[in-house]
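What follows is a set of notes on a single structure, which appears directly below.
The values are calculated or read from the model by the stated rules, or taken from the named source; none is laboratory data. Fair warning: this is a prediction, and the values are worked out from it, not measured in the lab. Glycine gets a Cβ as well: all are built from the backbone with ideal geometry, and neighbour counts include every protein chain shown. Quick note on the areas: whole protein, heavy atoms, side chains included, nothing else; ligands and nucleic acids left out. Shrake-Rupley method; radii C 1.70, N 1.55, O 1.52, S 1.80 Å.
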Amino acid sequence: MYTSLPALLVVALACPCRALWPIPRSLETGSTPLVLAPDFRIVGLRDSPADLSSAVARSQAYIRTDRMQRLVVGRAEADRARVQDAMQLPSLVLSIPEGEGVGSIAQEAVGPLGTRSEEYVLHVPADGAPAMLAANSTLGLLRGLTTFEQLWYDLDGNATYTLEAPIIVTDSPAFPYRGFMLDTSRNFFPITDIKRTLDAMSWTKMSQFHWHVTDSHSFPLQVPGFEEVAEKGAYAQDMIYTPADVQDVITYAAERGIDVLMDIDTPGHTAAIYESHPEHIACYLGSPWQTYANEPPAGQLRFASPSTTTFTTELFAAAARMTMSSLFSTGGDELNLECYTNDTATQEALAATNQTLEEALNTFTMSTHGVLTKLGKTGVIKSDMVLDHNLTLPNDTVVIVWKSSADAVSIAAKGFQFVHQPSDYFYLDCGAGEWLGQDPLGNSWCDPFKTWHRTYTFDPFMNLSASQHQLVLGGQQPLWTEQSEPENLDSIVWPRAASSAEVFWTGATLPDGLPRNVSSALPRLHDLRFRMVQRGVQAIPLQPLWCALRPGLCDLQS
């Protein structure tokens with residue numbers, strides 16, 4: 001249970017805190033101006049873990065440097081008179097109930113899904129008494145600090161204020177998995193860009209960074225014992241993620257409440273492995289590529305070969321040991337069977353082992369996922385492997401539903417827990433035109449562009465029975481990077497990716513009791529976008545500034 005909070009008389013309004021994203025599950029606000037005292041400070045725990053102390057320091061820095069003005073006509077000037085004689089808030093005091101073990105944020109963030117304690121209670125009084133943030137874990141305190149940072153606006157550097165005290169937030173996530181997926185194979189992203197993305201994820205209370213680190217185009221991950229794969233499969237020697245780089249990303253993410261799910265896509269999408277181990281790759285650069293792959297370059301693991309199965313299983317074991325997460329993804333999408341029909345080595349291996357191709361795929365998958373189980377990891381796999389193939393998978397396998405939102409029903413019917421990543425709602429790369437040459441139409445396969453409005457209307461329980469709701473772990477938006485590099489990373493991802501962060505944190509109902517809706521979301525998403533820009537993330541504007549300052553006046557029916 002939480003530390004008890006004092007009773008408070010509150011004027012309840014209809015979600016007036018325009019800055020909050022994701023909107024808390026329960027929110028009560030008043031209408032009293034309140035400013036931060038000049039010596040305002042956040043008081044941490046007596047024996048605070050180092051990463052909580054760092055989170056406190058970041059929050060104090062953001063509050064001091066955001067210089068975020070309210071998005072109203074007149075901006076800060078409109079509030080000057082109300083703020084002039086406001087009470088001052090001296091401090092924010094953090095607490096965890098006595099007797100609770102105090103672990104680090106990083107430890108809490110990488111626990112198995114369903115075990116992470118992210119709930120918190122935040123109380124900001126209007127009478128000048130200290131604010132209080134209580135949680136059962138340091139991870140919960142981090143989530144509460146993120147909310148607290150968003151409450152405040154700047155008056156020309158002379159005051160940091162809110163107009164809505166007193167404020168009470170009682171909050172917890174609707175789903176444990178709230179993610180973003182980045183593909184670093186098709187184009188390479190330096191660690192600095194990944195860290196900036198992790199920062200933005202933490203500001204929206206995302207919990208999972210799905211790192212699709214390898215694919216057909218390049219293999220930039222340096223795996224201990226398999227260094228030759230990256231040495232020959234990466235684009236260049238300065239486009240490799242070393243074990244130190246991986247640990248840097250994992251630690252940085254965990255300290256911000258984010259678990260890193262490593263993804264090595266197999267047995268398809270593995271052409272880059274040919275450069276170091278041609279014996280394991282079938283139909284390399286097969287032409288025309290449409291016959292052998294869903295996109296160029298063609299090349300897939302010869303999973304029917306016992307030596308290839310051994311190679312891949314040992315590669316996964318070494319890579320899985322690099323991560324702190326309880327999750328590890330083996331990919332599994334878009335396997336081209338025609339490739340193996342025309343591959344002599346595969347046909348010889350099938351004859352030698354007296355297996356069909358499907359039986360060989362099952363043997364391969366049992367081996368690769370079996371080693372993950374031995375290492376205490378939960379395997380994550382794409383929905384293709386469950387819907388298109390008859391595999392023996394561990395019962396705790398997590399399935400990524402990606403082709404269509406309609407596929408969730410079939411996955412649920414098989415009893416697997418799953419993560420929503422449907423291309424008809426969540427793909428950030430759709431609608432930018434075709435990346436293949438000699439295409440007269442120039443359309444991408446998953447047109448149209450997926451707006452934040454589209455994502456925001458997603459129902460995680462669509463067409464599922466009540467008994468199947470427990471199978472939904474959450475969801476994520478992916479960025480496949482055929483047309484993305486660091487130069488356009490921020491603008492493609494933000495603030496659109498924040499839309500799913502609220503879908504899976506807040507759930508279907510807003511704190512005012514109304515269903516989640518784009519009309520009330522837009523002013524808050526504007527606020528988030530402006531705050532991101534203040535912090536160095538080049539998120540794109542959603543409307544002209546005139547509209548952002550006048551909520552509702554640019555609505556279709558206004």
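When only residues in region 466-482 that are open to solvent by 50 Å² or more (accessible area, probe 1.4 Å) and out of contact with any strand residue (DSSP E or B) (no Cβ under 9 Å at 6 or more places or on another chain) count, which is nearest to residue 505 (Cα to Cα)?
469
Being within 22 Å of residue 379 (Cβ to Cβ), open to solvent by less than 50 Å² (accessible area, probe 1.4 Å) and part of a loop (DSSP other than H, G, I, E, B) is the filter here, so list the residues in region 405-422 that pass it.
415, 416, 421, 422
Table: residues versus (1) surrounded by fewer than 19 Cβ atoms within 10 Å (Cβ to Cβ); (2) more than 31 Å from the chain's Cα centre (by Cα); (3) closer than 20 Å to residue 217 by Cα.
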site: 293; (1), (2), (3): no, no, yes
site: 301; (1), (2), (3): no, no, yes
site: 315; (1), (2), (3): no, no, yes
site: 333; (1), (2), (3): yes, no, yes
site: 342; (1), (2), (3): yes, yes, no
site: 357; (1), (2), (3): yes, yes, no
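Only residues that are within 34 Å of the chain's Cα centre (by Cα) and crowded, with 17+ Cβ neighbours inside 10 Å: list them for region 73-92, please.
76, 89, 92
Restricting attention to region 498-526, report how many residues are among the small types (Gly, Ala, Ser) and either under 15 Å from residue 461 (Cβ atoms) or in contact with a Ser or Thr (Cβ under 6 Å, 6 or more places away or on another chain) (or both). Break it down stepwise before answering.
Initial filter on region 498-526 (among the small types (Gly, Ala, Ser)): 498-501, 507-508, 513, 519-521.
Going one step further and asking which of them are either under 15 Å from residue 461 (Cβ atoms) or in contact with a Ser or Thr (Cβ under 6 Å, 6 or more places away or on another chain) (or both), we end up with 498-501, 507-508.
So the answer is 6.
Tell me whether region 436-452 contains one or more residues that are in contact (Cβ under 8 Å) with a residue 60 or more places away in the chain and of a type in the set (Val, Ile, Thr). Before you say what the answer is, go through the steps one by one.
Here is the first cut: in region 436-452, the ones in contact (Cβ under 8 Å) with a residue 60 or more places away in the chain are 436, 452.
Going one step further and asking which of them are of a type in the set (Val, Ile, Thr), we end up with none.
No, the conditions are met nowhere in region 436-452.
Return yes or no: is residue 520 open to solvent by less than 50 Å² (accessible area, probe 1.4 Å), farther than 20 Å from residue 428 by Cα and among the small types (Gly, Ala, Ser)?
yes
Among the listed residues 546, 505, identify the single one that is free of Cβ contacts under 8 Å to residues at least 60 places away in the same chain and of a type in the set (Phe, Trp, Tyr). Before you say what the answer is, go through the steps one by one.
Values: 505 fails: free of Cβ contacts under 8 Å to residues at least 60 places away in the same chain.
Exactly one of 546, 505 is free of Cβ contacts under 8 Å to residues at least 60 places away in the same chain and of a type in the set (Phe, Trp, Tyr), namely 546.
Each row is one residue, and each column tells you yes or no for (1) of a type outside the set (Phe, Trp, Tyr); (2) surrounded by fewer than 24 Cβ atoms within 10 Å (Cβ to Cβ).
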position: 112; (1), (2): yes, yes
position: 117; (1), (2): yes, yes
position: 120; (1), (2): no, no
position: 140; (1), (2): yes, no
position: 144; (1), (2): yes, no
position: 155; (1), (2): yes, yes
position: 170; (1), (2): yes, yes
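Is it fair to say residue 260 is more than 11 Å from the chain's Cα centre (by Cα), at pLDDT 95 or above and open to solvent by less than 10 Å² (accessible area, probe 1.4 Å)? Talk me through it step by step, then tell me what you get.
Working: more than 11 Å from the chain's Cα centre (by Cα): no; at pLDDT 95 or above: yes; open to solvent by less than 10 Å² (accessible area, probe 1.4 Å): yes.
Spelling it out, it is not the case that residue 260 is more than 11 Å from the chain's Cα centre (by Cα), at pLDDT 95 or above and open to solvent by less than 10 Å² (accessible area, probe 1.4 Å).
Determine the pairs where a residue that is on the phi > 0 side of the Ramachandran plot, located within region 521-541, has a partner that is open to solvent by 40 Å² or more (accessible area, probe 1.4 Å) with Cβ atoms under 8 Å apart, the partner being 6 or more residues away or on another chain.
Close Cβ pairs satisfying both conditions: 536/196.
Report the residue count in region 523-543 for those that are buried (at least 22 other Cβ atoms within 10 Å of the Cβ) and polar (S, T, N, Q).
0
Taking residue 364 as the residue in question, decide whether it is touching a residue at least 60 places away in the same chain (Cβ under 8 Å), in contact with a Pro (Cβ under 9 Å, 6 or more places away or on another chain) and within 17 Å of residue 264 (Cβ to Cβ). Can you show your working first?
Values: touching a residue at least 60 places away in the same chain (Cβ under 8 Å): yes; in contact with a Pro (Cβ under 9 Å, 6 or more places away or on another chain): yes; within 17 Å of residue 264 (Cβ to Cβ): yes.
Yes.
Could you please tell me which pairs satisfy a Cβ distance under 6 Å, a separation of 6+ or placement on different chains, a first residue in region 232-250 that is at pLDDT 95 or above, and a second residue that is assigned to a loop (DSSP other than H, G, I, E, B) and open to solvent by 70 Å² or more (accessible area, probe 1.4 Å)?
Correct list of pairs: 250/324.
Return yes when residue 115 is in the same structural domain as residue 59 (by TED's automatic domain parsing) and touching a residue at least 12 places away in the same chain (Cβ under 8 Å) and no when it is not. Don't jump to the end; show me each part of the working.
Details: in the same structural domain as residue 59 (by TED's automatic domain parsing): yes; touching a residue at least 12 places away in the same chain (Cβ under 8 Å): no.
No; evaluated as a whole, the condition is false for this residue.
Just for region 226-257: of the residues that are under 23 Å from the mean Cα position of the chain (by Cα) and of a type in the set (Gly, Ala, Ser), which one is surrounded by the fewest Cβ atoms within 10 Å (Cβ to Cβ)?
In this case the residue turns out to be 244.
Just to confirm my filter: which helices (runs of 4 or more DSSP H) fall fully inside region 259-372 and include at least 1 residues that are in contact with a Lys or Arg (Cβ under 7 Å, 6 or more places away or on another chain)? Please lay out each step first, then the result.
Numbers: elements: 289-292, 306-320, 337-341, 344-353.
Output list reads 306-320, 344-353.
Have a look at 484, 491, 444 and point out the one that is more than 22 Å from residue 174 (Cβ to Cβ), modelled with pLDDT under 95, among the hydroxyl-bearing types (Ser, Thr, Tyr) and in the same structural domain as residue 400 (by TED's automatic domain parsing).
Numbers: 484 fails: modelled with pLDDT under 95; 491 fails: modelled with pLDDT under 95.
Of 484, 491, 444, the one residue that is more than 22 Å from residue 174 (Cβ to Cβ), modelled with pLDDT under 95, among the hydroxyl-bearing types (Ser, Thr, Tyr) and in the same structural domain as residue 400 (by TED's automatic domain parsing) is 444.
What pairs come up if the first residue lies in region 37-60 and is free of Cβ contacts under 8 Å to residues at least 24 places away in the same chain, the second is crowded, with 18+ Cβ neighbours inside 10 Å, and their beta carbons are under 6 Å apart, counting only those six or more places apart or on different chains?
Partner pairs satisfying both residue conditions: 53/44; 60/42.
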